[in-house]
Amino acid sequence: MKVWTNVYPYPGTPEHIALTITDFNDMFTISVPPFTQKVQPGRFTNDGSTPMYVLSLGGHMHKRGLRFTAWWSDGAKAYENFDWSHPVSRPFEPPVVLAPGDHIDFECLHDNGVTRPVKRDGSGNPTTLTFGLTTDDEMCVLVGTYY
């Protein structure tokens with residue numbers, strides 16, 4: 001795999017400095033038995049004392065991820081993606097305000113052997129799908145930018 005990043009100088013002083021949302025605290029409990037599908041929920045909360053101005057949202061999951069969906073605190077859908085290998089980012093113009101105490105609920109639908117290949121252990125036996133760093137394991141990470 002190769003990755004390129006283009007960096008361009010910004011003339012002048014930026015009005016805002018973008019920060020990142022990376023919520024992975026809820027994915028360590030992923031546990032999908034063989035030949036089943038299961039939803040992994042998560043929640044990102046603005047725990048600060050000032051509003052967050054959300055510029056974009058996206059989701060990260062691995063090859064057994066069927067769907068990544070996120071909702072604002074009021075229940076409106078914020079983001080949805082069905083392609084684990086080519087996730088898209090959803091920009092917001094104008095930014096969406098996430099007030100202190102507001103949250104973004106999100107979930108991943110993982111498939112361990114229903115429509116995707118079942119996870120197998122070192123002996124080739126079907127095994128429970130759990131969190132891990134390889135694409136043979138799973139993740140459910142909310143990502144985004146805000147100021």
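We did not get these values from a lab; they are worked out from the coordinates using the rules stated. Keep in mind the model is a prediction, meaning the values are calculated, not measured. So basically every Cβ, Gly included, is an ideal-geometry build from the backbone, and we count neighbours across all protein chains shown.
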Selected residue (criterion: farthest from residue 39 (Cα to Cα)) from residues of the stretch 109-136 that are in a loop (DSSP other than H, G, I, E, B) and touching a Pro at 6+ places or on another chain (Cβ under 6 Å)
118
Residue in the stretch 21-51 that is nearest to the chain's Cα centre (by Cα), counting only those that are in a strand (DSSP E or B) and more than 14 Å from residue 104 (Cβ to Cβ)
40
Take the stretch 66-93 and flag every residue that is touching a residue at least 24 places away in the same chain (Cβ under 8 Å), surrounded by fewer than 16 Cβ atoms within 10 Å (Cβ to Cβ) and among the hydrophobic types (A, V, I, L, M, F, W, C).
88
Can you name the residue in the stretch 1-20 that is of a type in the set (S, T, N, Q) and over 23 Å from the mean Cα position of the chain (by Cα) and is also nearest to residue 139 (Cα to Cα) among such residues?
6
